[in-house]
Amino acid sequence: MIVIAAAFVFLLALGVPVVFVLGASAVLALVTTTDVPVAIVSQRVFAGLNSFTLMAIPFFVFAGVIMDAGGISRRIVDFASALIGWVVGSLYQVSCVAAAGLAAISGSGSADTAAISAIMQPQLRRRGYDVDFGAALIACAGSIAQVIPPSLTMVILAVVSNVSIGALFVSGVLPGLMCIVMLMLIAYFQAKKGGETYRDAEPFTMARLGRTGWAALPAAGMPVLILGGILGGIFTPTEAAAVSGFYGLLVGAFVYRDLKLSALPGLILRTASLSAAVMLIIGTASVFSWLIANANVPQILGNWIASVSSSQVIFLIIANLLFLFVGMFLETIAAILIIVPVLSPIAAQMGVDPLHFSLLVILNCAIGTVTPPYGVSLFVSSSVAGRTVLQVSRRLGWPLAGLFAMLIAVTFIPDLSLFLPRLFGLID
């Protein structure tokens, strides 16, 4: 255990990509501390990827790529602008509402952040808004794509935790929307202090709302198709992912006609590249997790937590702090594959509902994508805005505080995550 931990920290400090850190540290520990043949590495990698559920990942990635290329993102932003553009700080509000809309389609926080930033940042500059606060707000709003279904992170976590993907999808709806509302409130009060610049809003008209709503209606069919199909028992989450990709292709190519079929090979290659990166991390992390399990780390950690306190509340606080810390340095998928197998058995021993614990993990991971130094959504938002991460980080305080407040609420009010799954009969 000491060897794998030392190798992991050393390679990470050198700036080695996480996927190679996971694989190299596991192989090094295997060679130096056990008599197990190295051939077991390839077997464990294959075993980690040999899952029907994980096939949903490339299909959801494809749906997100199609969403961007097919004009779906732009139409959702236009509808959000018509719906909420009359409020003080309208561009901030539109960014938040659009983030919720895109989250229900793409399932990727970084993709949502990039799409919203590309559309909204020029408007923020033109209207004289605080661009740094806007970038921080968009990063936080975009990160909520991990909480609002369909979410790639939820698919992976459901496989690792052995919970129902459909139930996990539904559990994220209410907390995800509450996070968006929280960010909108923070944006409103920030804009209200900013003077007349933030009151130059377009008037609300039913004609504009109807026009943009009609244009966005085909795009809105995707989340309805995904959740409705899963909850109705029509298809599995993996099949839902495939259907969403095909639906996005039809909408982009034949309804909006922004997607040219000649661009399809390039989009498929991009999907393959993004999916391969995710799958490679899952494969190498499965070797890492297997070694940790063999070293009895979950049992050792469980005994330590039990010695500290037998309180469920103390466990949840420790788990949150651990995920928040790790999220500052590790990519989301790697953090899940390393830590969740360790903490899930302890959560079960403490009587924590598996679905509640899984959603806490998802929310922590979402926050991790905007906390420096790693924060991928923060990097994307800063880059598109043409600002440094440090400049944007200085305005991150209030949006991040809003997400922390929601994390505390979900931690200590389990019904926020369990109410809808119970309502739909997905859990007892």
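Figures for the structure shown
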item	result
Gaussian network model of the chain, springs between alpha carbon atoms under 10 Å - residue of 121, 43, 190 with greatest fluctuation	43
Descending principal axes extents, region 1-64, alpha-carbon based, whole Å	42, 28, 14
Difference of contour (0.36 nm per residue) and Cα-Cα distance, residue 196 to residue 211	2.5 nm
Helix-only CD estimate at 222 nm, as mean residue ellipticity for the chain, using -39500 (n - 2.57) per DSSP H run (n ≥ 4)	-24500 deg cm²/dmol
Shape of region 270-323, Cα gyration tensor, a/c cut at 1.5	oblate
Given charges at Cβ of Lys, Arg, Asp, Glu: region 1-146 dipole, positive-most of 49, 129, 66	129
Accessible area per residue in Å² at 1.4 Å probe, computed on region 111-227	38
Binned Cα-Cα distances of region 303-428, short to long, each 10 Å bin given as a whole percent	12, 39, 32, 14, 3
Two-site FRET efficiency, residue 224 against residue 263, from Cβ-Cβ distance with R₀ of 22 Å, rounded to 0.05	0.25
Rounded Å value of the spacing that divides the Cα centres of region 45-114 and region 150-218	10
Assigned charges on the beta-carbon of Lys, Arg, Asp, Glu; the chain dipole about Cα centre (debye)	960
Using a Förster distance of 45 Å, the FRET efficiency for residue 36-residue 235 (Cβ separation, nearest 0.05)	0.65
Computed E for residue 123/residue 13 - FRET, C-beta separation, R0 45 angstrom, nearest 0.05	0.65
Value of D in µm² per second that Stokes-Einstein yields for the chain, Kirkwood Rh from Cα pairs, at 20 °C (1.002 mPa s)	97
³J(HN,Hα), Karplus 6.51/-1.76/1.60, whole Hz, each residue of region 208-214, x for Gly, Pro	5, 4, x, 5, 6, x, 5
Relative contact order of the chain, defined on C-alpha pairs under 8 angstrom at six or more residues apart (%)	26
Residue of 397, 176, 245 that the Gaussian network model of the chain assigns the largest fluctuation, springs spanning Cα pairs under 10 Å	397
Computed over region 310-428: relative contact order in percent, which uses C-alpha pairs under 8 Å that are six or more apart	27
Label zone at residue 312, where the point sits 7 Å out along the Cα-to-Cβ direction: region 348-366 residues whose backbone N lies under 20 Å	348-364
Centroid-to-centroid separation of region 115-139 and region 251-320 [C-alpha atoms, Å]	29
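The values are calculated or read from the model by the stated rules, or taken from the named source; none is laboratory data. On a predicted model such as this, the values are computed, not experimentally measured, just so you know. Neighbour counts run over all protein chains shown; Cβ positions are idealised from the backbone, glycine included. Heavy atoms of the whole protein, side chains included, go into the accessibility calculation; ligands, DNA and RNA do not. Shrake-Rupley method; radii C 1.70, N 1.55, O 1.52, S 1.80 Å.
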